[in-house]
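What follows is a single structure, written as structure tokens, with notes after it.
Please treat every number below as a calculation from the coordinates, not as lab data. Everything quoted here is computed from the prediction, not taken from an experiment. All Cβ positions, even for glycine, are placed from backbone atoms using ideal geometry, and neighbour counts span all protein chains on display.
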Amino acid sequence: MKRVLDWPIGIERKANPLGTLYHRQMPPRLGFNWLALVLGPFWYFLVGMWVLGAILLSIAFLSGGLLAPFVWIYAGLKANEDLLDYRIMQRSFY
């Protein structure tokens, strides 16, 4: 038998399904993604990040190919973090 003071007060809140997405431990900075390193900006197009893929591809082309290796290295190192940020931004609104 419960005592009166042990009863919960107010409305019980259900678990927030987005809470696991927002309150996870962040991935290590500059993780490595082999597929993004090989595909470069085209990897961003494959996962649906059109804007970032277009920006990186335009940097590679407008520099005459001079910055293309840096764009591919950026894609390989920052792909996992950019993908997590993209997924969080899909579910949040202001």
So if each residue of separation counts as 0.36 nm, and I subtract the Cα-Cα distance between residue 92 and residue 63, what length gain in nm does that give?
7.0 nm
Can you pull the one-decimal nm distance between simple spin-label points at residue 37 and residue 54, each 7 Å off the Cα toward Cβ?
2.9
Would you calculate the separation in nanometres between label points at residue 46 and residue 30, each defined as 7 Å from the Cα along the Cα-to-beta-carbon direction?
2.4
